[in-house]
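Working notes, structure below.
Read-outs throughout are calculated quantities, based only on the coordinates presented, and are distinct from any laboratory measurement. Since the model is a prediction, treat every value here as computed from it, not as a measurement. Using ideal geometry, Cβ is built from the backbone for each residue, glycine included, and neighbour counts are taken over all protein chains shown.
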Amino acid sequence: MPEETFDLIVIGAGPGGYVAAIRAAQLGLKVAVAERSERLGGVCLNEGCIPSKALLDSSELFALARDRFALHGIGIDPPKLDLARMMARKDDVVKKLTDGVAFLFKKNGITRFQGSARLGGKSGDDHRVEVRVGNGEPQILTAKRVLLATGSRAVEVPACPFDGETVVSARDALSFSSVPEHLLVVGGGYIGLELGSVWLRLGSKVTVVEMLPKILPNTDRQVADALMRSLKKQGMSFLLETEVTSLEKRDGKAHVRIKSGDKGEEIVCDRVLFAVGRRPLSADLGLEAAGIAPDGAGRIPVNDDFATAAPGIYAIGDLVHGPMLAHKAMTEGEVFAERLLGQASVVDYEFVPGIIYTWPEAASVGKSEEQLQAENIPYAAGRFNFLANGRARCMDETEGFVKVLAHKETGRVLGVHIIGPRASDMIAEAVTVMTYGGSAQDIAMTFHAHPTLSEAMKEAALDVEKRAIHA
């Protein structure tokens with residue numbers, strides 16, 4: 001089979017890979033993308049960000065109709081769950097977006113190859129990439145530059161391997177054919193809490209087991225504590241400082257032994273979701289032969305241009321250091337392509353927002369109070385509760401607050417933390433202000449339309465100097 005030559009070959013068509021490919025093509029490069037899956041978009045579009053948000057929105061609407069429509073003077077018969085239709089809608093959302101990526105590939109002249117890809121050594125000055133479908137002969141592609149963007153996978157606990165039915169990963173938990181009577185979630189991070197919220201709203205008993213004394217260990221403590229209180233009020237149970245010691249499947253149930261301190265007990269449940277982290281998909285890429293050595297966590301060291309130790313080979317996204325977030329990978333893909341063509345683009349890693357799509361939502365950017373205290377940075381905190389926000393009152397969504405942390409001497413915003421309605425959308429203002437080195441006063445002096453949720457941001461910024469009007 002003759003070799004095909006390109007300017008850039010991207011291995012992986014997730015958020016980082018497909019954005020890098022499109023941006024490189026826009027800048028005039030001849031680009032190929034090798035992706036093992038039939039659909040483009042990677043984990044995010046197919047089995048992560050998008051399907052989970054589709055189910056979160058659907059389940060939230062179901063819970064609103066069941067529990068809260070009456071508060072708004074809307075009387076309906078108890079709603080009935082059509083889970084198959086809800087799943088079909090989720091699948092349709094995914095298909096439309098993945099089809100959209102395929103259209104963008106065609107629009108930008110990107111050549112796509114389906115199959116498992118790995119580095120195949122050098123061919124003169126070019127790198128060879130082998131793309132194999134099944135056990136067939138690999139197709140050989142060559143390019144002077146290769147970008148690795150293969151993403152990550154869910155960590156599997158050796159003693160409790162995934163079976164897709166009783167012991168499941170997040171991917172499996174997005175496609176249950178029936179509502180579990182009791183779902184045990186192992187891991188109190190954002191993935192476990194989001195998927196636990198979906199099935200809690202749809203009728204499951206949900207118990208979260210977390211080894212640490214707190215959920216969401218990297219989240220501002222006040223936000224994490226407020227979120228746990230809210231989820232408890234909704235019916236979610238938490239077992240903190242607790243670990244799973246064994247799991248046995250009997251009669252279609254999972255018998256899970258847990259331990260907290262010196263005390264142990266058994267929990268019997270229908271399904272167990274392990275959401276204990278993700279690991280880079282850096283194996284089977286031919287890295288060692290190319291002279292690239294991943295670290296102990298499977299991450300690939302890169303420089304500011306995302307170049308690895310092997311000239312002409314680059315890596316982005318979950319393969320490299322930093323939070324495993326789609327928007328981080330997308331920005332890296334765009335910056336990689338621009339730097340490749342000599343532009344002075346950078347990734348502002350200080351200002352990568354983090355979002356938890358529970359309800360209420362939680363969102364943050366910058367440093368938490370705990371980090372500022374540990375680093376001995378002088379700061380002032382301003383806080384405003386949604387309870388006093390007019391739009392939140394109208395929406396009957398008064399739970400939560402906005403917290404702005406600013407340098408005590410300069411007023412520069414160091415961190416913003418939100419728990420409340422549409423926190424995921426509100427955090428963008430904070431990211432923008434912080435990216436441009438703005439102060440709490442800059443936020444306070446900016447018009448925020450009334451009545452809107454965003455007024456809580458303005459009031460929190462005013463409260464940094466204890467000038468909040470409605471506090």
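Kirkwood Rh and Cα-based Rg: tell me the resulting Rg over Rh for region 1-66, rounded to two decimals. Taking Rg over the Kirkwood Rh, I get 1.24.
The C-alpha atoms of the chain define a longest principal axis, and helix 221-234 lies at about 70 degrees to it.
Helix 423-435 axis versus longest C-alpha principal axis of the chain: approximately 70°, rounded to the nearest ten.
Free of any GluC sites (Glu not before Pro) that DSSP assigns to a loop and that have at most 16 other C-beta atoms within 10 Å, the longest stretch within the chain is 242-374.
As a calculated quantity, the FRET efficiency between VAL352 and GLU288 at R0 = 25 Å, using C-beta atoms, amounts to about 0.25. Can you work out the PRE-style zone for ARG412? Point 7 Å along Cα to Cβ, and I want the residues of region 350-382 with backbone N under 19 Å. Under cut-off, by backbone N: 350-353, 365-382.
Isolated cysteines of the chain, defined as having no other cysteine beta carbon under 4.7 Å away, are CYS160, CYS269, CYS394. Oblate is the label for region 167-276, because the ratio a/c of its alpha-carbon gyration tensor axes (a ≥ b ≥ c) is 1.5 or higher and a/b is not greater than b/c. When only the Cβ of Lys, Arg, Asp and Glu is charged (+1, +1, -1, -1), the dipole of region 58-211 relative to its Cα centre reaches about 700 debye. Could you state the number of Å between the C-alpha centres of region 360-396 and region 52-68? Centre-to-centre distance over Cα atoms comes out at 25 Å. Please tell me the relative contact order of the chain in percent, rounded to the nearest whole number, where contacts are Cα pairs under 8 Å and at least six residues apart. The normalised contact order for the chain reaches 14 percent.
With neighbour counts taken as other beta-carbon atoms within 10 Å, the residues TYR379, TYR18, TYR314 rank, fewest first, as TYR379, TYR314, TYR18. Spin-label pair GLU265-GLU60: with each label point 7 Å from Cα along the Cα-Cβ axis, the two points sit 3.2 nm from one another. Placing one equal scatterer on every Cα of region 143-185 and applying the Debye formula, the log10 ratio I(q)/I(0) at q = 0.25, 0.31, 0.34 Å⁻¹ is -0.98, -1.24, -1.33. Tell me the Kirkwood hydrodynamic radius of the chain in angstroms, computed as one over the mean inverse distance between distinct C-alpha pairs. Result for the chain, one decimal place: 24.2 Å. DSSP assigns beta bridges within region 167-276; of those with both partners inside it, close to 50 percent run antiparallel. Once each part is reduced to its C-alpha centroid, what is the distance from region 138-169 to region 75-111 in angstrom? Value for the Cα centre distance between the two parts: 23 Å.
Taking Cα atoms only, the orientation of helix 190-201 departs from the longest principal axis of the chain by about 60 degrees.
Could you please state, rounded to a whole Å, how far the C-alpha centre of region 271-349 is from the C-alpha centre of region 209-244? Using only Cα atoms, the two centres lie 30 Å from each other.
Taking 0.36 nm per residue of separation and subtracting the Cα-Cα distance, full extension of the segment from PHE447 to ILE469 would add 6.5 nm.
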